[in-house]
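Heads up, the thing below is written out as structure tokens.
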There are 2 protein chains.
Amino acid sequence: MPKEKAPSFNLKTPKGTKDWSGSDALLRDRIFTTIADVFKRHGGTALDTPVFELREILAGKYGEDSKLIYDLQDQGGELCSLRYDLTVPFARWLAMNPDVRSMKRYHIAKVYRRDQPAVSKGRMREFYQCDFDIAGSFDPMVPDAEVLKIVTEVFEELGWKGRYSIKINHRKILDGIFEVCGVPTEKIRPISSAVDKLDKMPWADVRKEMVDEKGLDGAVADRIETYVMHKGSRELLDRLLTDEVLTANASAKAGLDEMTLLMDYLDAFGVLDRISFDLSLARGLDYYTGVIYEVVTEGSAPPAQTGAPDAQKVQKSGKKDKSKSGNLEDDDRSNDPTLGVGSVAAGGRYDNLVGMFLPKAQIPCVGVSFGVDRIFSITKARIEREKSAEALRSSEVDVFVMAFGGKGFNGMLKERMNVCKTLWEAGVKAEFSYKLKPKLPQQFKAAEQGGVPFAAILGEDELAAGKVRIKEMGLEEGHPEKEGVLVDLASLPEEVKARVAKKRAQANVSDVTQQMEGLKTDA
Amino acid sequence: MPKEKAPSFNLKTPKGTKDWSGSDALLRDRIFTTIADVFKRHGGTALDTPVFELREILAGKYGEDSKLIYDLQDQGGELCSLRYDLTVPFARWLAMNPDVRSMKRYHIAKVYRRDQPAVSKGRMREFYQCDFDIAGSFDPMVPDAEVLKIVTEVFEELGWKGRYSIKINHRKILDGIFEVCGVPTEKIRPISSAVDKLDKMPWADVRKEMVDEKGLDGAVADRIETYVMHKGSRELLDRLLTDEVLTANASAKAGLDEMTLLMDYLDAFGVLDRISFDLSLARGLDYYTGVIYEVVTEGSAPPAQTGAPDAQKVQKSGKKDKSKSGNLEDDDRSNDPTLGVGSVAAGGRYDNLVGMFLPKAQIPCVGVSFGVDRIFSITKARIEREKSAEALRSSEVDVFVMAFGGKGFNGMLKERMNVCKTLWEAGVKAEFSYKLKPKLPQQFKAAEQGGVPFAAILGEDELAAGKVRIKEMGLEEGHPEKEGVLVDLASLPEEVKARVAKKRAQANVSDVTQQMEGLKTDA
């Protein structure tokens, strides 16, 4: 070792980035496929934009977060930056394609944020977003309802039924509340940002930020509290509609009417029960103009923290808050199992973003973005918790083609190649050893390590008689097929396919697809 | 218009990049899926690396082309650059994961080259590569043969059977030839680069470059010509093996022996007929150490140029060359339909690259990279040429759910939503109009524009009776089902599925999948 020259560089990925390989890559790929299938089922078409944009396209879109944008070095020519999200490139595309007046588009791709990374929490500098957006002028709330329906389908296909909740609110309702509570116009966005922190800190702290940091009158803050601590469903909406002060405000009234429509449509889609109308949801980004939403899940908390200690802490602060504000039962945040847990998807309506690129191309949009890295972590933790006996496989090979022989055995390499050829051509996933004369135990070990479920074993005599042995891996001693079954070489592809299908049909969770299927039926 | 303020920026993508949308995005996606399916069938596992690497990881890997690397701006912290290919990140990953001694990995992702773009020729600054590589120490040429088998499967699944050819050569043979011809050691790589241009320029020009620019002795160049103008198959190999001068050279002998093995294995895989042993193939990149290959296709030439004029030009220069060198019949480049056509896939063996990152982790590798953008252009041109009557669809929606009614018709929005919900839940791709009260012709127009094959039409009376009408779009007047068929609402998903399946089974080419299938069977 002392003789070897150490490489003169760090052998690592850049800060906040990581490689994805093996079963992790496979599981994440399944999540992408699941999400994309839902998008396509709703008529989504794919859009792919460059990973970098002209710097001026991104300028002025992200407020304070603009400092997190990665710039490309000026090497002559245009100044470019890595994209920060998929929404602004979509708006840029719409502005560039004025013949497209409406579109359902999906985009699954990486985005870049030069943030302080927190790998354990899944906050990376390079991460995937899966976006679905509907652009176009339509009757109010119809596309908004379909986007929320899509959200429910994605999480239900991922096996999260009953384990997630969609918090919704409306920017116009929120702005109306701030107006009737007496927030000065120029303070509405900063106060809105403070309210948005209610999922991470108690009201007392949020009030402190409003009054001490943002200079809001304490009485105004107290009036805000009587609204934003509420959450519920249609009955909360109905109650707000009887609030004469609120409904006298034009913005609030418009928001409440849209929310009424939306709930009607969500009911028609059969998903109203997944929705929590949450007046404290505000969302950070400036460009939202209508309904906003965030998906939270109990599962997004690490297993160790879902238990007593954290719950108690939450309970306490919740009680304190309630004693101060509480005039409603259903908005008790202390019972919210999702408190403190980050969102796994989020979105809303943004009617003015396309107009920022081309005033005459004003196209209203509504959409959602799924945070796949966090969805991945939660799904993987569940698979490991619930199916811990089974290791995750990294490839999907069905059969390992082996050979054995006695003294003078030549390894039968070309015969193994030929059998693999036949299997591949029949669409069977197959591997063989790259050794000229591999020993049989070596070949079994390779198949075992790869988690390959079947072996096709060539012997000289059997092959001469046009036969080959299929053996299921991992059968116990005494199993009738422990030694395998001789089949005709010509029917090998069909024999393998039939066995693979049979094994899949059994309650088998040895691959990721089935593990995800398992989660679905367990839920 | 004069009133509107023009945006203060260019509404475009950065130079050398483009957006992918609609049917182009869908066709490219199909190509990815086709390629990835082949990779998985051979036991490939996915690896995903960050789009940027530490700058020092890329340094010294690409020779002169290093100037084409995109750097990220120094915003504090590490210095990074966008990846130039997927091979160096794979080698970096192998060096970082010393417990992995062998692996079949695939990677489909974008790479970045700050080259002068030529959009019409498909040379972009951001483009996709689809890579498959086998890492590990194995018996010679076995994984190499499987990589070439994979190449044939990919192009045959893409419908290119009989329309492509794999040129192969071996770095050791080439180096041996240069040695026996008398090329000084330090000139071997530059002379090799000159030889590699023989697919783009006649021998006379290449000789000029060797002698005038690179200072090679003219007699040495003439000896090189007697070798590198040859192409053929096993008989060329056999002839070279009888060349006593050549086989006395250790490098050439080793290369010829490996090539013999490779041809044996390619024969076992049944793909030897797709191979052209081409002694002029040299490949630019420095890191190749063994077999090298490039896939060329007649289809990659623009249709207008496959005809007489270019062929004549080739013929002429070919004849001139032949008259000077020609002692073999089968290597007449003038008959090569692929002359002047860029490659659609390329690769080779690189045994020392991983060692550049970590000397003790020396892992030999062999792989291939598919140029999807060029494959896309050729495939699209073929679809348009052969199936020009059918427009390419951009989404895959099966059924458009509509409603109609008489005076006082309320639009049946919730009923349409509810029917869509049922269809989505059954996995049927469905859309509906986002208008509250859409007119029937509007709805038919939307379905037509989207290329949706079926309409499900709700009428108030039919719905009350639990019925819905299915109508195939685009049926001619007089067709017995022109007015559609009434079916039970409860069986709508099954009825739609059956009709979609039936339509697919017919010789129908209205979607990209089928168009690609069509190409396959046409070939």
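A few notes on this one:
- Over 22 Å [Cα-Cα, the range A:31-178], rounded percent: 53
- All Cα-Cα distances of the range B:399-509, cut into 10 Å bins from zero to the largest, leave 14, 50, 32, 4, 0 percent in each bin in turn.
- Tensor-based shape of the range A:109-265 (alpha-carbon gyration tensor, a/c under 1.5 rounded, otherwise prolate or oblate): oblate
- Summarising the amide proton neighbourhood of A:LYS15: residues at separation of 5 or more, or on other chains, whose placed amide H is nearer than 5 Å comprise an empty set.
- Burial ordering of A:VAL100, A:VAL372, fewest other beta-carbon atoms within 10 Å first: A:VAL100, A:VAL372
- Computed from backbone phi, the HN-Hα couplings of the range B:395-400 come to 10, 10, 5, 8, 8, 10 Hz, rounded to whole numbers (Karplus: 6.51 cos²θ - 1.76 cosθ + 1.60, θ = phi - 60°; Gly and Pro given as x).
- Built amide H within the under 5 Å cut-off of B:ALA109, gap 5+: B:GLN129, B:ASP131
- Cβ crowding within 10 Å, taken as a proxy for footprinting-reagent exposure, orders A:HIS479, A:HIS170, B:HIS230, B:HIS107 from fewest neighbours to most as A:HIS479, B:HIS230, B:HIS107, A:HIS170.
- Partners of B:LYS437 within straight-line reach, counting aspartates and glutamates whose Cα lies under 20 Å from its Cα and excluding those fewer than 8 residues away in the same chain: A:ASP139, A:ASP144, A:GLU146, A:ASP257, A:GLU258, A:ASP264, A:ASP267, B:GLU415, B:GLU448, B:GLU460, B:ASP461, B:GLU462.
- Rounded to whole numbers, the Karplus 3J(HN,Hα) couplings from phi for the range A:182-198 are x, 6, x, 3, 5, 9, 4, 5, x, 5, 4, 4, 5, 4, 4, 7, 4 Hz, using 6.51 cos²θ - 1.76 cosθ + 1.60 with θ = phi - 60°, and x at Gly and Pro.
- Sorted by Cβ density within 10 Å, fewest first, the residues A:THR185, B:THR49: A:THR185, B:THR49
- Across the range B:98-192, the relative contact order, built from alpha-carbon pairs under 8 Å that are at least six residues apart, equals 21 percent.
- Out-of-range pairs (alpha-carbon distance over 31 Å; input A:LYS429/B:LYS497; B:LYS380/B:LYS429; A:LYS110/B:LYS161): A:LYS110/B:LYS161
- When only alpha carbons are used to place a centre, the range A:47-67 and the range B:229-292 end up 50 Å from one another.
- Annotation: the range A:351-443 has a Kirkwood hydrodynamic radius of 18.7 angstrom, from the mean reciprocal C-alpha pair distance.
The numbers here are math on the coordinates, done by the rules we state, and not lab data. Just so it is clear, the model here is predicted, and its values are computed rather than measured. When we count neighbours, we look across all protein chains shown, and the Cβ atoms used for this are built from the backbone with ideal geometry, even at glycine.
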